[in-house]
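Below: the structure, in structure tokens.
The values are calculated or read from the model by the stated rules, or taken from the named source; none is laboratory data. Just so we're clear, the structure is a prediction, and the values are computed from it rather than from any experiment. Positions of Cβ are generated from backbone atoms using ideal geometry, with glycine treated the same way; all protein chains shown enter the neighbour counts. Note: accessible area is taken over every heavy atom of the protein model, side chains too, but ligands, DNA and RNA are not part of it. Shrake-Rupley method; radii C 1.70, N 1.55, O 1.52, S 1.80 Å.
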Amino acid sequence: MIVTLDIFSGRRNPSWMLSDKKAKELADRIAHRAVALADSEDGGHILGFRGLVVAATGDADGGDVLPSAFRIGGAAAPDVQALQAGRRALTADETDDTVRWLLATGAHAIGDHLAAAVHEDVEASLRGLREAEPAAEAIEESERDLGAAAAACLIANTRCNPAFWNTAAVQPHNNCYNYAMNYRSDTFAQPGRISGHPNSVMACPQVGAAANWDGCTAVCNGSNKNVALVIWPGVDYHWYRRHAEGFWGHKPGSTAARNVDNANQLINGSTRTPANCNRGSYTVFCGYRFSPTGMRVR
Amino acid sequence: MVEIELDAFSGRPNPRWPLDDAQAAELLALLADLPAAAPRPHADLGYRGFLVHRGGALAPIRVGAGTVEIDGASHADRRAAEAWLLRNARALGWAAVVEGVVPP
């Protein structure tokens, strides 16, 4: 999960990643509760602290436990549909506690020089929230069964979810490698960077090896998704990811995710595949590979 | 400062370079007061056009396929801003990329 402190107007807001353990802790805090959606515009005109936006890093459907992107703190109201479904909003105490806990997880991203100003803004916002608070309610606990990855090959392609990627906050900062490995890093991820093995040679062996350092494999073992690598020789690389529907999706650079090729034809996975679809100048097909479920890139 | 981004790559970051003041003024004049046009078709792998970064909180202007997109609205590239940008990119050594040349 990515947390963004929504506080600045002109400069970019600080963001940081939650570890798996912290993400689970957050899910346990607010699962099945009504929270404001991330794109809620209430309070958008406020200068200063407007809440903490929490967004999933992958596009897999998280079920009905949490929305894929939501807002904690600030003036935005909880999602009306969630309230109508009988979910309770967080109390002021719960919001206060969760905001402070989230801020503590991002101390490294906020930095000492910003911490004092942020603290003052947040305290003022939380005081306002508390004054408008009705009765406190107990936190509903939720357990999450993470399961265990099987050692045998399990293809776990997820359904196509372009709405996750094609937003102003996500689309410009995530490329084909982010999309194929299903990991939003907001860094325009490069093969080998997260594992300390960056590559600058635009050829199949070098790009493939860099991705292998990050976790990609030629042999399926455990839970994986299908991906494919192609090359514009000496210039660039491109990745595709297969979806549960059977077709292939991809995201050319900072453009929108889609499931069609350069001829605007569906890459249907049978007659049209990454190996034979219209790829423009990306003329070299390197082959199909496996990307482990949960693989991270940067 | 106005910066140009050549939108052509998928994996690697796109090439990006600054314009001097005279170039920036010339280009922005080409992009002013353009008539409305239908949105461009979907973007492909390979050369897609240019992004003109104007600095500050202004969203970049997208130029390509005969259209100019400013703040979500599409306009006709009536003054050939894309051709101007292509000349600029070629002069900086990006001819093979904008033409989609594949090495033998």
Q: Quote the charge dipole size of the protein assembly as shown about the Cα centre in Debye, to the nearest 20; the model charges only the Cβ of Lys and Arg (+1) and of Asp and Glu (-1).
A: 1500
Q | Amide proton proximity set for A:Lys225, modelled H, under 5 Å, gap of 5+ | A | A:Ala156, A:Ser291, A:Thr293
Q. Picking from B:Leu27, B:Pro15, B:Pro60, whose Cα lies most toward the positive end of the charge dipole for chain B (charges on Cβ: Lys, Arg +1; Asp, Glu -1)?
A. B:Pro15
(Q) Leaving out ligands and nucleic acids, and using a 1.4 Å probe, what accessible area per residue does chain B come to in Å²? (A) 48
Q. Over what distance in Å are the Cα centres of region A:152-222 and region B:25-101 separated?
A. 29
**Q.** Inter-label distance, nm, simple model (7 Å from Cα along the C-beta direction), A:Ala152/B:Leu58
**A.** 6.1
(Q) With a 1.4 Å probe and all protein chains kept in place, how much accessible area does A:Thr158 have, in Å² rounded to the nearest 10? (A) 40
(Q) Taking a virtual spin label 7 Å from the Cα of A:Asn278 along the C-beta vector, which residues in region B:81-104 bring their backbone nitrogen under 18 Å of it? (A) B:99-102
Q. If you take the accessible area of A alone, add that of B alone, and subtract the area of the pair, what total do you get in Å², probe 1.4 Å, to the nearest 100?
A. 1800
Q | In order through region B:18-34: 3J(HN,Hα) via Karplus (6.51 cos²θ - 1.76 cosθ + 1.60), integer Hz, x for Gly, Pro | A | x, 9, 7, 4, 5, 4, 4, 5, 5, 5, 4, 5, 5, 9, 8, 6, 9
Q) Once label points are set 7 Å from the Cα along Cα→Cβ at both A:Trp213 and A:Ala256, what is their separation, rounded to one decimal in nm? A) 3.6
Q) Across 5 Å bins from 0, what is the distribution of all Cα-Cα pair distances for chain B, in whole percents? A) 2, 12, 24, 26, 20, 11, 3, 1, 0
(Q) What's the magnitude of the charge dipole for region A:136-292 around its Cα centre, counting Lys and Arg as +1 and Asp and Glu as -1 at the beta-carbon? Answer in Debye, nearest 20. (A) 700
Q: Can you pull the one-decimal nm distance between simple spin-label points at A:Val201 and A:Cys220, each 7 Å off the Cα toward Cβ?
A: 3.0
(Q) Antiparallel versus total DSSP beta bridges in the protein assembly as shown: what percent is that, nearest 5? (A) 95
Q.
Can you compute the label reach from B:Asp71? Point 7 Å from Cα along the Cβ direction, backbone N cut-off under 17 Å, restricted to region B:26-44.
A. B:28-29, B:31-37
Q) Given the protein assembly as shown, what whole percent of its Cα pairs are spread farther than 39 Å? A) 26
Q. What cysteines in the protein assembly as shown have no other cysteine with a beta carbon less than 4.7 Å from their beta carbon?
A. A:Cys160, A:Cys176, A:Cys216, A:Cys277
Q) Once you sort the root eigenvalues of the Cα gyration tensor of region A:190-298 as a ≥ b ≥ c, which label holds: rounded (a/c under 1.5), prolate (a/b larger than b/c) or oblate (the other case)? A) oblate
Q | Distance from region A:65-90 to region A:256-294 (C-alpha centre basis), Å | A | 38
Q: Give me the accessible area per residue for region A:136-292, probe 1.4 Å, as a whole number in Å².
A: 42
